[in-house]
Amino acid sequence: MDETEALGAFAALSQETRLRILRLLVTSGPDGLAAGAVAEAMGVSSSNLSFHLAQLERAGLVTSRRESRSILYSAAYPVLADLIRFLMRDCCQGHPEVCVPALEAAPACCPPEKDVPHV
């Protein structure tokens, strides 16, 4: 990710509804949610939701796909990972202790499931 792409992502996320939508989609997993479910969860009209989803999609933060009569929206996890890498790329500057809080936060967001064999 370059600086221009990062600025676009941050611009899209600098609005409360869009940030809330993205957080909802992140927690919904890779299958995503139908637009109607997102609108209901956010308490916004479908036209308002369409505007915000278009901004997030333009920034590359969400993807959409049609399934039957529904449009499903999902978080673009690779783009989110690129955004985090962009922010953390030069964080240490020879001082790895600076990055410890970020490294400790990553496993906390996705604890391993119990009884899942590791390959």
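Side notes on the structure shown:
- Any hit, segment 51-58, residues being modelled with pLDDT of 75 or more and over 22 Å from L22 (Cβ atoms): no
- Residue in segment 77-87 that is of a type in the set (A, V, I, L, M, F, W, C), modelled with pLDDT under 95 and over 13 Å from the mean Cα position of the chain (by Cα) present: yes
- Evaluated against (1) of a type in the set (D, E, K, R); (2) surrounded by 12 or more Cβ atoms within 10 Å (Cβ to Cβ); (3) in contact (Cβ under 8 Å) with a residue 40 or more places away in the chain, D31 falls short on exactly one condition, (2).
- Of all residue pairs spaced 6 or more apart or on separate chains, those with beta-carbon atoms under 8 Å, a first member in segment 45-64 that is free of Cβ contacts under 8 Å to residues at least 40 places away in the same chain and within 16 Å of L25 (Cα to Cα) and a second member that is outside any helix (DSSP H, G or I) and of a type in the set (S, T, N, Q) are H52/Q15; L53/S64; E57/T63; E57/S64; T63/S74; S64/S74.
- Residue in segment 82-93 that is part of a helix (DSSP H, G or I), of a type in the set (V, I, T) and touching a Ser or Thr at 6+ places or on another chain (Cβ under 9 Å) present: no
- Test result for S46, in contact with a Gly (Cβ under 9 Å, 6 or more places away or on another chain), surrounded by 14 or more Cβ atoms within 10 Å (Cβ to Cβ) and modelled with pLDDT of 90 or more: no
- Taking the criterion of being out of contact with any helix residue (DSSP H, G or I) (no Cβ under 8 Å at 6 or more places or on another chain) and of a type outside the set (D, E, K, R), the residues of segment 88-105 that qualify are Q93, G94, H95, P96, V98, V100, P101, L103, A105.
The values are calculated or read from the model by the stated rules, or taken from the named source; none is laboratory data. Since we're looking at a predicted model, the values are computed, not measured. FYI the Cβ positions are ideal-geometry reconstructions off the backbone, even for glycines, and counts take in every protein chain you see.
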